[in-house]
Amino acid sequence: LGYRLHVHDQVDSTNSRLMALGQAGAEHKTVLAAEWQTGGKGRRGRAWLSPLGGGLAFSVLWRFSRTASDLSCLSLAVGLGLVRALRELGLADVQLKWPNDVLHRDRKLAGVLIELQGEAQGPSMAVIGVGLNVRLPEPLRAEIEQPVTDLMEGLGEPVDRNHLLVECLRQLDQVLVHYEQDGFAGLRAEWEASHAFHGREARMIAAQGESWRGRVAGIDEAGALLLDTETGQRRFYSGELSLRGV
Ligand code: ATP
Ligand code: BTN
């Protein structure tokens with residue numbers, strides 16, 4: 001597949017570590033995985049908990065010829081790659097939650113955190129971080145304030161993390177190459193078909209607290225979420241938003 005893989009026992013965050021390597025010139029398709037993260041990051045400064053041996057935490061460095069501002073749908077493409085990988089491993093019912101979560105039966109199984117770097121013009125570098133729960137111990141679950149699940153629960157049998165990583169990297173390669181060449185348009189229908197909230201009543205909540213209620217009508221070609229509200233259809237682009245059921 002052409003990846004260059006580094007495996008660490010322990011790091012603060014695979015994203016932070018790989019970003020530093022990328023800034024120091026690390027190659028396209030460098031991958032950094034860790035057994036354990038002491039400071040795993042979610043979006044907006046939130047924490048991602050990854051237990052020793054019970055999670056898959058890795059980051060992929062991908063160099064794009066376009067600017068960072070042209071990569072708005074990247075996290076959607078990545079989510080789709082993970083869904084394909086999980087289905088390949090036998091996990092049916094796996095779904096996406098806009099913009100960056102992977103759910104199994106409405107509970108969070110995996111998350112994606114993308115960090116971008118680049119000038120206003122010219123190429124950019126993406127650090128694509130994936131955290132996937134393999135076997136989440138009970139005490140850790142209790143620390144997470146939303147419904148969570150792991151692969152052990154979903155599959156009913158243990159899964160080999162090496163095999164899981166390889167399948168994720170294989171599927172990510174496919175979606176990223178597609179995305180790089182043709183953009184998100186060709187992935188959109190499959191993404192929508194896998195969206196847990198498609199056609200459902202939901203609320204969109206902004207970081208500042210404002211919220212909108214409506215029915216999820218889909219996503220557009222730019223990856224924006226479409227919500228049919230009482231006052232018409234609204235489009236949400238920003239990553240500073242959270243989608244919730246009602
Ligand atoms: P949204 O993306 O819709 O804003 P979110 O609550 O999932 O919602 P993120 O920033 O994407 O927010 O993810 C970080 C959150 O994920 C944490 O605040 C915590 O609730 C949850 N979380 C942390 N570790 C795990 C884990 N191992 N498995 C599942 N969820 C986790
Ligand atoms: C989210 O749902 O908010 C995204 C969670 C992303 C977690 C992964 S684990 C590997 C990589 N390194 C990090 O620090 N975060 C991502």
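Laboratory data are not the source of any read-out in this text; all were calculated from the coordinates shown. For clarity, every value in this text was computed on a predicted model and none was experimentally measured. Neighbour counts run over all protein chains shown; Cβ positions are idealised from the backbone, glycine included.
Values computed for the structure shown
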read-out	value
Net charge, residue 141 excluded, C-beta distance under 12 Å - Lys, Arg +1, Asp, Glu -1	-2
Pairs of alpha carbons in the chain whose separation is greater than 23 Å (percent)	48 percent
Order by protection proxy (mean Cβ within 10 Å, highest first), peptides 185-192, 209-216	185-192, 209-216
Shape category assigned to the stretch 101-246 from the gyration tensor of Cα positions, a/c cut at 1.5	oblate
Overall Cα dimensions of the stretch 4-44 - principal axes, largest extent first, Å	25, 24, 13
Gained length - residue 163 relative to residue 66, 0.36 nm times residue gap less alpha-carbon distance	31.8 nm
Average projection area in nm² (convex hull over Cα atoms of the stretch 195-246, one quarter of hull surface)	3.4 nm²
Stokes-Einstein translational diffusion, the stretch 19-98 - Kirkwood Rh over all Cα pairs, 1.567 mPa s, 4 °C, in µm²/s	87 µm²/s
Coil-residue trypsin sites (Lys or Arg not before Pro) of the stretch 94-170, DSSP, other Cβ within 10 Å capped at 11	none
Stretchable slack from residue 226 to residue 8, in nm (0.36 nm times residue separation minus alpha-carbon distance)	74.4 nm
For the stretch 137-222, average projected area of the Cα convex hull in nm²	8.6 nm²
